[in-house]
1. Before rounding to the nearest 500, sum -39500 (n - 2.57) across all DSSP H runs of length at least 4 in the chain and divide by the residue total; then give [θ] at 222 nm in deg cm²/dmol.
2. Would you calculate the separation in nanometres between label points at Thr51 and Asp83, each defined as 7 Å from the Cα along the Cα-to-beta-carbon direction?
3. Sort Ile76, Ile28, Ile109 so the one with the fewest other Cβ atoms within 10 Å of its own Cβ comes first.
4. Rounded to the nearest 5, what % of the DSSP beta bridges within the chain are antiparallel ones?
5. How about Lys58: which aspartates and glutamates have a C-alpha closer than 15 Å to its C-alpha, ignoring those fewer than 8 places off in the same chain?
6. Mind checking which lysines have their Cα closer than 27 Å to the Cα of Lys4? Skip sequence neighbours fewer than 8 apart in that chain.
7. On average over all directions, what projected area in square nanometres does the chain have, based on the convex hull of its Cα atoms?
8. Extension gain Asp74-Asp30, at 0.36 nm per residue separation less the Cα-Cα distance, in nm?
Amino acid sequence: MSAKDFVDSNVWLYSLIKSPESERKNQIADQLLDNLGLHVVSSQVIRECLTNLIRKVKTDEVTIRKLIDSWYSDCIVHETNKDQLSRASYLREKYMLSYWDSLIASSAINARCEFLYTEDLQDGLVIDGTLRVVNPFKNLN
């Protein structure tokens with residue numbers, strides 16, 4: 001694993017929301033997060049996770065604040081900026097990515113990550129010659 005790995009919201013959510021239907025994905029996400037070096041997330045990932053936690057499992061506000069504190073103390077949080085937005089536009093055009101996926105990839109590149117852990121993009125795809133997509137759940141699909 002690289003020293004800086006970007007973790008997308010779907011991996012975090014499998015770690016945070018346990019269910020019998022996704023038990024194997026829950027385990028894989030937990031193992032991945034435990035074994036990675038320095039986690040990088042974007043403010044977008046944090047917002048997506050919090051929205052899903054509040055909407056899907058009615059997470060209380062005390063827990064929400066603890067999670068926010070945890071991300072900001074244990075991870076590198078990459079804030080969105082103009083360069084990321086411009087690169088995201090380029091990535092949408094070049095790789096035919098969705099708006100949100102292009103922002104995630106752009107943020108990971110901007111943070112100089114080598115790997116983007118997500119189930120939303122093609123496993124093994126190399127974006128801009130620097131960022132490799134890894135689907136930690138590829139053998140389950």
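1. On the way: 6 runs with 76 residues, N = 141.
Value at 222 nm, helices only: -17000 deg cm²/dmol.
2. Spacing of the two 7 Å Cα→Cβ label points: 2.6 nm.
3. Values: Ile76 15, Ile28 18, Ile109 21.
The fewest-first ordering by Cβ neighbours comes to Ile76, Ile28, Ile109.
4. Values: 2 of 14 bridges.
Approximately 15 percent, going by the DSSP bridge assignments.
5. Glu48
6. Reachable lysines: Lys18, Lys25, Lys66, Lys82, Lys94, Lys138.
7. Working: hull surface 33.2 nm².
Directional mean of the projected Cα hull area for the chain stands at 8.3 nm².
8. On the way: separation 44, 0.36 × 44 = 15.84 nm, distance 1.51 nm.
So the extension gain works out to 14.3 nm.
Coordinate-derived values only; no laboratory data. Remember, predicted model here, so these are calculated numbers, not experimental data. Note: ideal-geometry Cβ built from the backbone for every residue, glycine included; neighbour counts use all protein chains shown.
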